[in-house]
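What follows is calculated from the coordinates using simple rules that are stated; it is not laboratory data. What you see is a predicted model, and the numbers here were worked out from it, not measured in a lab. Here the Cβ is made from the backbone with ideal geometry for all residues, glycine too, and neighbour counts use every protein chain on show.
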Amino acid sequence: MNTLNKVILILLTTTSLQSFADSGASQNASAASKHSALAASHGSVASAKLGSAILATPLVIIGAIGSVSLKAGNELMESALSTTPLEITEKTITTAPSPAQIMKINQQEKL
Amino acid sequence: MNKLLCLLVAVMLTVSLPTFAGSAQNTELQFTAKEVDEFAKRVELFAAKEGARAFIIGRVGRPEKDLPEGINFTHTAIAVYSSITLDTGETVKGYAIHNLYQKEGQADKSELVIDYPVDFFWGVSNLKAGIIIPTPDLQQRIINVIASGKDQQLHNENYSVIANPFNNTFQNCTEHTLNILNAGVYQTTDMAQLKNNAKQHFKPQKIKASPFKLLLGNWFVDDVSTKDHSGKVYTTTFTTIGKYLQKNDLLSKAVVLKSEGEVEQLL
């Protein structure tokens, strides 16, 4: 029975089950290469066109919806009514790489 | 024993297990960085043009031919119009996306992660975005839930890709999104109440997969569990959330934005 179990496990893990299980692979590698790929796509103006976010604060509208409580302290309040279209930065914003990703990038660059 | 083994091998080789919607944070790039970058910005500008302060965003992370019937998007999250502080100290405006992602190397656990449109669409199989814009008052309630950190209270880290939306045994990205919407609607983070309300008013998607395939997934795949289901398997999807909002007059717009800017109605 042990042999049978092993055969089934091997088959499952090497064939059809892969479609379930491959969703989280290579996360650090792809995150590290993302910054490099975006920088390359923007060429010499990359530093002006790319931004690493360290904080995102939801913007709350004042005045548009009078009944909404604005007691929560973690949002910024915009004094104007909702404007359309909303202002969107021209920059490409990405999450700031984690320390592990930075170290990985540095190691790759050394090579 | 040999006959049994041969039979099982034959079954395994002919059975193709269904592909479900995983929520991986980073996947490999399928398009050029420029293409993804331009598409992500197009999605942002579309939502901004509509004046959306908060909207539900969906992506297609796997080839559509591999998705089970009734599932059109593989990952769902909430985009919130935000003031974004960069590492340079500069502050800009754009959308921050509030996700439930599976943990790296631990597919049956999840974490809440904020990323940005280009991160969100990085590994997609199709440059296609699902955009569900709730009514302005619901948008504001969603923002209040997230800005006050109550979305953390609504998170259950035990992950199943086919989580049952009517209990809190497991949770996936779409169920978490539904929890946030309903926390805004009902002004509560009481999970028992939220699940009771969902049972009464939310219609989930039936997963059309054979019991045998689901059983195999249950046994051998970390992020697939049927333990929270009794009988047929139902789960939350991007589209069923859109229908739920539409049915309750909480929907402003539900569309699919494609790579060249084409806009199709979702519902």
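Among the residues of region B:88-105, the ones that are touching a residue at least 60 places away in the same chain (Cβ under 8 Å), facing chain A (nearest Cβ under 8 Å) and polar (S, T, N, Q) come to 1 in all.
The number of residues in region B:249-267 that are assigned to a loop (DSSP other than H, G, I, E, B) and touching a residue at least 60 places away in the same chain (Cβ under 8 Å) comes to 5. Scanning region B:158-174 for residues that are part of a helix (DSSP H, G or I) and away from chain A (no Cβ under 12 Å) yields a single hit, B:Thr174. Scanning region B:63-83 for residues that are within 8 Å of chain A (Cβ to nearest Cβ) and surrounded by 23 or more Cβ atoms within 10 Å (Cβ to Cβ) turns up B:Val80, B:Tyr81, B:Ser82. Of all the numbered requirements in (1) within 8 Å of chain A (Cβ to nearest Cβ); (2) closer than 19 Å to A:Leu86 by Cα; (3) under 15 Å from the mean Cα position of the chain (by Cα), B:Ile114 misses one, and that requirement is (2). Do you know which residues across region B:37-51 are assigned to a helix (DSSP H, G or I) and not small (Gly, Ala, Ser)? The answer is B:Asp37, B:Glu38, B:Phe39, B:Lys41, B:Arg42, B:Val43, B:Glu44, B:Leu45, B:Phe46, B:Lys49. Of B:Leu127, B:Leu67, all but one fail to be under 30 Å from B:Tyr234 (Cβ atoms), out of contact with any Cys (no Cβ under 9 Å at 6 or more places or on another chain) and without any contact (Cβ under 8 Å) to a residue 60 or more places away in the chain; the exception is B:Leu67.
Could you tell me whether any residue of region B:23-32 is charged (D, E, K, R) and in a loop (DSSP other than H, G, I, E, B)?
Taking every residue of region B:23-32 in turn, at least one turns out to be charged (D, E, K, R) and in a loop (DSSP other than H, G, I, E, B).
Go through region B:187-217 and give me each residue that's surrounded by 15 or more Cβ atoms within 10 Å (Cβ to Cβ) and either basic (Lys, Arg) or not in a loop (DSSP other than H, G, I, E, B) (or both). Across region B:187-217, the qualifying residues are B:Met191, B:Leu194, B:Lys195, B:Asn197, B:Ala198, B:Gln205, B:Lys213, B:Leu214, B:Leu216, B:Gly217.
For (1) touching a His at 6+ places or on another chain (Cβ under 9 Å); (2) β-branched (Val, Ile, Thr); (3) not in a loop (DSSP other than H, G, I, E, B), each residue gets a yes or a no:
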| position | (1), (2), (3) |
| --- | --- |
| B:Val92 | no, yes, yes |
| B:Asp108 | no, no, yes |
| B:Leu112 | yes, no, yes |
| B:Asp119 | no, no, yes |
| B:Trp122 | no, no, no |
| B:Lys128 | no, no, yes |
| B:Asn144 | no, no, yes |
| B:His176 | yes, no, yes |
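When B:Leu245 is tested against (1) outside any helix (DSSP H, G or I); (2) under 29 Å from B:Phe39 (Cα atoms), just one condition goes unmet, and that condition is (1).
Looking at the structure I just gave you, is B:His155 more than 8 Å from chain A (Cβ to nearest Cβ), under 20 Å from B:Ala52 (Cβ atoms) and outside any helix (DSSP H, G or I)? So B:His155 does not fit the description; no.
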